[in-house]
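The values are calculated or read from the model by the stated rules, or taken from the named source; none is laboratory data. Since we're looking at a predicted model, the values are computed, not measured. Counting neighbours? That spans all protein chains shown, and the Cβs are built from the backbone with ideal geometry, glycine included.
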Amino acid sequence: MKHLILGTAGHIDHGKTSLVRALTGIDTDRLPEEKKRGITIELGFAHLELPGGIQFGIVDVPGHERFVRTMVAGVGGMDLVMLVIAADEGVMPQTREHLEICQLLGVRRGLVALTKSDMVDPEWLGLVAEEVRDYLVGSFLEGAPVVPVSSRTGAGLDELRGELARLGGEAEEKKGEGPFRLPIDRVFTVAGFGTVVTGTLLAGEVRVGDEVELLPSGCPARVRGVQTHGRKGESAAAGQRVAVNLQGVEHTEVARGDIVVPRGVYRTTRVVDARLDYLPSAPKELRHRTTLRLHSATYEVPAQVILLDRDILPPGASAFVQLRLKAPVLLLPGDPFVLRTYSPAATVGGGRVLDPMPPRHRRRSTEALELLDALGGDDETEKVRRIVGGSLLSGAPLGEIAVRSGLAARRCEGVLASLLSSGEVVQVVREPRIFLSRDAFGSLKRLLLGEVEGFLRDNTLRDGIGKEELKTRIPRRSDLRFFGPLLQALEKEGKVVVDRELVKLPGRKGSVTADQAGLQARIEAALVRGGAEPPTVKELCDGLRCGEKELLEHLAVLVREGRVVKVKSDFFYAPEALAALREKLTACLRERGEITPPEFREITGLSRKFMIPLLEYFDREKVTIRVGDKRVLRKG
């Protein structure tokens, strides 16, 4: 069975609901107010099976101008439109607006039902049909069948069914692949079952037992039951009208405009980049930063329109725009939308989403406009290449690339594999997979190498820079996980040498001037004079009249060269003095077997200021082992 959605469109009182009832036997006006007033206020639903295995879910929309927002909610998901025009009135204002909305939302097939044909003579009917055909020139319904019908007498209904079957046979079903999306157009409760929502399934398949969530709220729920066209089933597929019984959520927590999706799969957005077609019928030019009402699927939200390449968009023109939304919604690449003014309420434009997660970019940026041009095209490789390249030094995760390109995950991986093999893209993180362009990876390598060179230029005494210190110098907009792959690449290219925790330049060693060598000699002499109780770092700075940073740099060099031993952050010893203390300690331990801190002070004459740091140093050096408050000699 081929499942398609057929929607009605047209001016109020042109007979849309009567025609659906004549075709299906179903009255789509269910509200008492609708029956009392004789007009459609809310969306109505019916179904129709035709020869050839075609099943239509029919969405009947209101025709009054006050209910255009409701009509827009019904257009989302239409595969075919049945534009209803009364033979006794012809083309009217809502005929025009409904047709424009269908065109903006991407409806590409349909026909015209010329209703109330029994109320006019044949000559008038022919004139109206010709007028309608002329009006449709230039629209997606140009050349579409115009079928005179009468819902009262049944005249023309068989011909209408035949044309619908033919068009249905030519139409493509919605894609069943990927996670499902069910925009909600109606919410109600059923005694004994709880919350039920209805909508047109845009993609994928929803099954009984699925764990789902409602966006944008994120409210979790579970699918308790599924119905299509009034029949219970275990699942529903893309292109079907479906009613879903939700468990775990109250009907007061759900509203038209919410969307049911698999839990944890989709993310909402408040900013999208898009292509906007501004209608020739728009009453005035569109200015940068104008706020309009955005309609897509079954929701509406205020949207500020950022014109990316100009300040004013005249009627009839198209442009790339960024839409900044007042509330979060779910939008994906290719999703159609309509823009309407607030007062007076009128449809002025619409288009398709190009990027639901756009990076920050400047207006009139050539790179940004080229990216959007690629996203609006059919070249999948160019889309992925531009997305990764546009991420600059931040990198693009696989999931983000798939969402922004609109490609299925498997297809996205295939395109990336091709770009990886050509070297245009580099995978910098294995899990989650994050990609950089070749140029961005090269830029980061140059920046990192520049940091090494700059550090060693400013610190002539150092042989290299510590890994952790170098890691902090990666640009903030980059991921710290890039550091390892970048360092490996630089080492593989022979640009740096990694020596444990130190990153060096090949063949470079710290060098000292004559003045620096003199200072080092004075440091050594001061420590030798200090003997068992040498001067602290502060005392050395005061005595040698040098800054602490400079002193510590020289001490680090002396430690690396074995000319000084570091006991604690502010205690350094001449090797000979430390060796003498070590000998006294080991001799005592060989004789006594153990030693307490007071006994160590007794044999060395040290104050507590030096005694404790030295005992802890000998523990670290594995000369001694602490047992309680005593030390014993480490075996071996």
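Yes or no, residue by residue, for (1) under 14 Å from the mean Cα position of the chain (by Cα); (2) charged (D, E, K, R):
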site: Ile387; (1), (2): yes, no
site: Leu398; (1), (2): yes, no
site: Leu407; (1), (2): yes, no
site: Gly423; (1), (2): no, no
site: Arg433; (1), (2): no, yes
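Within the range 533-565, the set of residues being surrounded by fewer than 18 Cβ atoms within 10 Å (Cβ to Cβ) and under 13 Å from Phe610 (Cα atoms) comprises Glu533, Thr536. Out of the range 151-164, which residues are buried (at least 17 other Cβ atoms within 10 Å of the Cβ) and hydrophobic (A, V, I, L, M, F, W, C)? Correct list: Leu157, Leu160, Leu164. Has the range 330-343 got any residue that is out of contact with any Lys or Arg (no Cβ under 8 Å at 6 or more places or on another chain) and either assigned to a strand (DSSP E or B) or among the β-branched types (Val, Ile, Thr) (or both)? Yes, some residue in the range 330-343 is out of contact with any Lys or Arg (no Cβ under 8 Å at 6 or more places or on another chain) and either assigned to a strand (DSSP E or B) or among the β-branched types (Val, Ile, Thr) (or both).
A Cβ distance below 8 Å, combined with a sequence gap of six or more or placement on separate chains, defines the contacts here; from the range 266-287, residues that are closer than 17 Å to Ala303 by Cα reach residues that are among the hydroxyl-bearing types (Ser, Thr, Tyr) in the pairs Arg275/Ser318; Leu276/Ser318; Asp277/Ser318; Tyr278/Ser318; Leu286/Tyr278.
Restricting attention to the range 597-608, the residues being touching a residue at least 60 places away in the same chain (Cβ under 8 Å) and either touching a strand residue (DSSP E or B) at 6+ places or on another chain (Cβ under 8 Å) or not in a loop (DSSP other than H, G, I, E, B) (or both) number 1.
Quick one: in the range 202-217, of everything that is part of a loop (DSSP other than H, G, I, E, B) and in contact (Cβ under 8 Å) with a residue 60 or more places away in the chain, which residue is farthest from the chain's Cα centre (by Cα)? Once the filter is applied, the top-ranked residue is Leu202. Please go through the range 248-276 and pick out each residue that is modelled with pLDDT of 95 or more and polar (S, T, N, Q). Answer for the range 248-276, where residues must be modelled with pLDDT of 95 or more and polar (S, T, N, Q): Thr268, Thr269. Among the residues of the range 110-128, just one is part of a loop (DSSP other than H, G, I, E, B) and touching a Gly at 6+ places or on another chain (Cβ under 7 Å), namely Lys116. The sole residue among Leu487, Leu502, Leu461 that is under 14 Å from Leu447 (Cβ atoms) and outside the structural domain of Val559 (by TED's automatic domain parsing) is Leu487. All of Ser139, Ser117, Ser150 fail the test of being in the same structural domain as Leu48 (by TED's automatic domain parsing), of a type outside the set (A, V, I, L, M, F, W, C), farther than 17 Å from Lys16 by Cα and in contact with a helix residue (DSSP H, G or I) (Cβ under 8 Å, 6 or more places away or on another chain), apart from Ser139. Checking each residue in the range 521-572 for being in a helix (DSSP H, G or I) and touching a residue at least 40 places away in the same chain (Cβ under 8 Å) picks out Ile523, Glu524, Leu527, Val528, Gly530, Glu553, His554, Ala556, Val557, Arg560.
Across the range 545-569, the number of residues qualifying as in contact with a Pro (Cβ under 9 Å, 6 or more places away or on another chain) and of a type outside the set (Lys, Arg) comes to 4. Can you pull out the residues in the range 411-470 that are of a type in the set (Lys, Arg) and under 19 Å from Arg500 (Cβ atoms)? Arg462, Lys467 - these are the residues of the range 411-470 that are of a type in the set (Lys, Arg) and under 19 Å from Arg500 (Cβ atoms).
For Pro613, the stated conditions hold: it is in contact (Cβ under 8 Å) with a residue 40 or more places away in the chain and assigned to a helix (DSSP H, G or I).
Looking at the range 99-109, is at least one residue surrounded by fewer than 18 Cβ atoms within 10 Å (Cβ to Cβ) and outside any loop (DSSP other than H, G, I, E, B)? For the range 99-109, residues surrounded by fewer than 18 Cβ atoms within 10 Å (Cβ to Cβ) and outside any loop (DSSP other than H, G, I, E, B): absent. Scanning the range 353-362 for residues being charged (D, E, K, R) and either at pLDDT 95 or above or buried (at least 23 other Cβ atoms within 10 Å of the Cβ) (or both) gives a total of 1. Listed here are the helices (runs of 4 or more DSSP H) enclosed by the range 426-520 that have at least 3 residues being free of Cβ contacts under 8 Å to residues at least 24 places away in the same chain: 438-458, 483-492.
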